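Notes for the one structure printed next.
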Amino acid sequence: MGQSGIDAWGARTVTTSRPTLAVWKFSSCDGCQLTLLDCEDEILGLSEAIDIAYFLEAGHDRVDQMYDVSLVEGSITTAHDAERIREVRAASRKLVTIGACATSGGIQALRNSADVQEFTSIVYAHPEFIKTLETSTGIADHVPVDLELRGCPISRTQLLEAISALLAGRTPRLPSYSVCQECKQAGNACVLVASGTPCLGPVTQAGCHSLCPSIGRGCFGCFGPSESANTAALTEQLRRVGTNDRDIERSFSTFNVNAPEFRTAALALYPIQSPRRGSE
Amino acid sequence: MEDMFGSDDSRTRYPTTLEPEPAQQDDGAVRKPVAPQPQPQIEPQAFGGPLILTVADVDQLIRRLGADGRTVIGPKVDGPVIGYQPIGGAADLPSGWGDEQGPGHYRLRRRDDDALFGYALAPTSWKRYVFPARSELFRARREDGALAITTIPPARPRYAFIGMRACEIAALDVQRRVFMRPEAPDPTYAANTQDMFVVAVSCGSPAATCFCVSAGTGPEASGGYDIRLTEVNSTPNSPDHYFVANAGTQAGADVLAQLACKPASDSETGAATQIVQAAATAIGQGVKLDDVHELLARNRENPRWDDVAARCLSCGNCTMSCPTCFCSDVVDENPIGDDGVVRARVWASCFGVSYSQMHGGNARTSTSSRYRQWLTHKMSTWVDQFDVSGCVGCGRCITTCPVGIDIRTELEAIRATDTATKYPESVRPQTDEGLAT
Ligand code: SF4
Ligand code: SF4
Ligand code: SF4
Ligand code: SF4
Ligand code: SF4
């Protein structure tokens with residue numbers, strides 16, 4: 001925290017110091033943080049407006065001051081993560097989760113319905129050194145979260161919108177309606193209707209400006225479930241356009257497999273324990 | 001009083017001054033169109049007799065409109081669909097392409113001729129040109145402690161729209177009643193439409209989703225165009241590929257005069273009339289719309305709303321595709337490192353949950369209430385607001401619904417289970433005629 005009198009969510013008055021922003025990493029691939037660096041045109045204004053501190057490596061954490069805003073990337077997969085996120089929360093005035101990992105547990109949450117010990121014994125030469133939780137979970141499962149930025153990775157525009165709203169003291173515009181609304185606003189041809197390509201856009205939260213349908217691909221659901229995701233109805237339609245149940249189940253089992261609406265949709269097709277990823 | 005709006009039907013669906021003659025149905029019953037034809041209706045020979053245009057003349061027409069400084073928009077193959085895009089000449093038109101449309105279904109199809117307008121209509125409407133998905137309204141900046149506001153004057157693109165269908169012209173008219181109310185004309189809509197040039201093309205190949213005949217809007221425009229074309233094309237590369245052209249305004253007649261084409265013979269106009277009549281027969285009068293205003297008003301609690309909600313994705317595709325839906329949100333954007341704010345208007349949909357968010361709560365939390373809002377607004381409360389139906393029968397919401405929900409089927413289902421809602425005395429809706437029964 002800089003000088004007193006600055007609340008990142010309140011009206012900005014004459015500032016005596018810049019608000020501080022920290023970036024924290026948990027189990028993730030760094031893609032979302034790269035989005036921050038990808039804000040080439042804005043990075044100058046950004047670093048003038050805020051004081052940015054990065055804490056990328058778990059070992060280097062020094063949670064010894066308060067930050068106005070913490071951006072948290074990654075999911076909680078170890079006991080140490082679970083402990084550390086509490087410290088980060090305590091040191092943050094506002095905590096913003098960034099990306100599918102931080103909001104729903106990420107693709108690594110596939111293990112939530114599998115046997116982790118079996119995985120570690122296959123992957124690592126010395127599985128006895130691996131200390132990991134049975135599950136990968138989002139930050140909100142552990143501490144209160146003030147704002148969520150969805151996506152794998154997050155959208156640059158949404159990140160800038162969130163930060164500029166924080167600085168201006170207004171509510172950020174992060175719509176929770178479907179990707180379809182953005183897709184139609186972009187004037188795209190609907191890949192599901194016009195090509196029979198499976199698309200999760202109708203049940204996925206907007207924010208990417210319909211990136212995938214804009215280049216003729218179906219949405220993979222990387223922004224997670226939209227506000228009133230009717231996955232059962234979409235499943236029926238995907239079947240009607242000829243998608244097989246295994247592929248539908250897989251499409252719900254990616255970046256946001258642990259988001260309740262997508263998990264339910266996947267489980268409705270293949271309940272846990274069935275050999276869904278066998279060699280069929 | 002026989003129903004909640006009174007049996008004398010004193011609430012007309014359109015201003016009486018604009019009321020067209022009620023069409024006579026086959027069974028002899030009088031049927032009131034729920035959407036008006038664009039006004040004023042154009043007398044067939046008002047701007048000279050029909051002329052014959054060749055494909056080369058159509059090309060010239062597009063080029064002349066462009067040379068006149070207009071932004072010419074017309075049908076063009078755009079990936080897996082026909083879209084309305086900027087065009088430079090007849091070569092950009094979807095020659096030989098047709099479309100197959102059904103609930104949640106669209107496919108381009110090769111035709112066995114080289115018709116330029118041989119499709120029904122584009123799944124994306126002209127709306128995005130006259131009411132853009134995003135338009136900037138003003139910029140505001142802090143200057144010396146005060147707020148300095150700079151309005152952003154809307155661009156004046158001088159559009160020429162080539163290939164507007166009758167239902168699409170009717171949709172323009174419906175939106176005009178929304179945006180151009182004398183007490184508050186919308187500057188963006190005004191700038192985009194006041195100098196537009198419309199080349200209507202009558203329908204020869206309607207889709208299974210079209211129901212303009214029931215809606216009273218098509219398949220041939222009776223007004224609202226500068227030039228109206230009907231394409232006649234019997235065989236590929238036929239010398240008999242021609243367009244019967246009618247001018248609807250002096251501006252249209254002037255442009256046609258520059259093309260120096262020959263007058264149409266009786267047999268040529270007859271061929272054009274036959275094409276339109278065949279289209280009207282194919283579309284049919286199948287959708288009963290004359291009672292929907294009252295039907296939907298009294299079926300607020302019909303169980304069908306829950307039934308459709310189980311299938312509906314709340315995705316908003318229907319509202320965004322609909323050529324008359326006009327809802328928007330107003331957003332402020334402040335770029336980082338810039339003290340200024342841009343206020344913009346962006347499309348919104350009543351299928352979004354936040355759409356109905358008000359101080360103290362949300363009015364429509366369920367999909368069933370949102371679907372009911374959409375259908376009831378289109379066909380019923382729109383009439384109360386704007387004296388016209390909000391549906392022109394273009395069928396876009398049927399084609400573009402990812403799960404193929406068909407408003408025609410939903411209306412039928414509601415009619416079949418017509419359960420007039422009985423309200424307790426205390427909450428009975430007030431109507432012009434007094435308390436509903
Ligand atoms: S392409 Fe996908 S996101 Fe776009 S409108 Fe169709 S279903 Fe929705
Ligand atoms: S279209 Fe879907 S998968 Fe693609 S970026 Fe957007 S939310 Fe992610
Ligand atoms: S409600 Fe459907 S059929 Fe009617 S005008 Fe809108 S999109 Fe067309
Ligand atoms: S149907 Fe919905 S989106 Fe369309 S105009 Fe009415 S309220 Fe607006
Ligand atoms: S009716 Fe169809 S297009 Fe409209 S919101 Fe429901 S699923 Fe989407």
Task: Heavy-atom accessible area order for A:SER251, A:SER226, largest first, 1.4 Å probe - done: A:SER251, A:SER226
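Placing +1 at every Lys and Arg Cβ and -1 at every Asp and Glu Cβ, with all other atoms neutral, what dipole size does chain B have around its Cα centre, in debye to the nearest 20? Can you show the working numbers first?
Values: 42 positive and 54 negative charges, 211 e Å.
About 1020 debye.
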Task: Helical mean residue ellipticity (222 nm; -39500 (n - 2.57) per DSSP H run of 4+; nearest 500) of chain B - done: -7500 deg cm²/dmol
- [ ] Please give the length that would be gained between A:ILE122 and A:GLU40 if that part of the chain were fully extended, namely 0.36 nm times their separation in residues minus their C-alpha to C-alpha distance (nm, one decimal).
- [x] 25.4 nm
- [ ] Could you state the angle between the C-alpha long axis of helix A:260-269 and the longest principal axis of the C-alpha atoms of chain A, as a value from 0 to 90 degrees rounded to the nearest 10?
- [x] 10 degrees
Open item on the list: Once ligands and nucleic acids are excluded and a 1.4 Å probe is used, how much of A:LEU37 is accessible, expressed in Å² to the nearest 10?
Closed with: 100 Å²
- [ ] Note the count of lysine pairs whose C-alpha atoms are less than 25 angstrom apart in the protein assembly as shown, limited to pairs 8 or more residues apart or on different chains.
- [x] 12
TODO: Evaluate 2.2 N^0.38 Å with N set to the residue count of chain B, then give the Cα radius of gyration divided by it.
DONE: 1.04
- [ ] Could you calculate the contour length gain from B:ASP254 to B:ASP144, that is, 0.36 nm times the residue separation minus the distance between their Cα atoms, to one decimal place in nm?
- [x] 34.2 nm
Open item on the list: With angles folded into 0 to 90 degrees, how steeply does helix A:79-90 sit against the dominant principal axis of chain A? Use alpha carbons for both and round to 10.
Closed with: 40 degrees
Open item on the list: Helix-only estimate, please: 222 nm mean residue ellipticity of chain A, summing -39500 (n - 2.57) across DSSP H runs of length 4 or more and dividing by its residues, to the nearest 500.
Closed with: -10000 deg cm²/dmol
TODO: Could you point to the residue in B:GLY48, A:TRP24, A:ILE154 farthest towards the positive end of the protein assembly as shown's charge dipole, with +1 and -1 charges on the Cβ of Lys/Arg and Asp/Glu respectively?
DONE: A:TRP24
- [ ] Specify the inter-centroid distance of the range B:98-158 and the range B:238-279, based on alpha-carbon positions, in whole Å.
- [x] 29 Å
- [ ] Could you tell me what percent of the DSSP beta bridges with both partners in chain B are antiparallel, to the nearest 5?
- [x] 80 percent
- [ ] Give the value in nm², to one decimal: projected area of the alpha carbon convex hull of the protein assembly as shown, averaged over all directions.
- [x] 37.6 nm²
Open item on the list: Compute the helix-to-body angle for A:40-49: its Cα long axis versus the longest principal axis of chain A, expressed 0 to 90° and rounded to tens.
Closed with: 40 degrees
Task: Those trypsin sites (Lys or Arg not before Pro) in the range A:93-148 that DSSP places in a loop and that have at most 11 other beta carbons within 10 Å - done: A:LYS131
TODO: Give the relative contact order (percent, whole number) for chain B; include only Cα pairs under 8 Å separated by 6+ residues.
DONE: 22 percent
- [ ] Report the residue, chosen from B:GLY88, B:GLY145, B:GLY69, that carries the largest GNM mean-square fluctuation when chain B is represented by alpha-carbon nodes joined by springs under 10 Å.
- [x] B:GLY145
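Based on the Cβ-Cβ distance of B:THR151 and A:GLU48, what FRET efficiency does E = 1/(1 + (r/R0)^6) give at R0 = 30 Å, to the nearest 0.05?
Between B:THR151 and A:GLU48 the formula returns 0.55.
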Open item on the list: Based on alpha-carbon atoms only, what is the radius of gyration of the range B:112-242 relative to the globular estimate 2.2 N^0.38 Å?
Closed with: 1.39
TODO: Could you state the orientation-averaged shadow area of the convex hull built on the Cα atoms of the range A:3-168, in nm² to one decimal?
DONE: 10.1 nm²
Task: Beta bridges by DSSP in the protein assembly as shown, antiparallel share as percent, to the nearest 5 - done: 65 percent
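The values are calculated or read from the model by the stated rules, or taken from the named source; none is laboratory data. Since we're looking at a predicted model, the values are computed, not measured. Cβ sites come from the backbone with ideal geometry, for glycine too, and all protein chains shown count toward neighbours. Note: accessible area is taken over every heavy atom of the protein model, side chains too, but ligands, DNA and RNA are not part of it. Shrake-Rupley method; radii C 1.70, N 1.55, O 1.52, S 1.80 Å.
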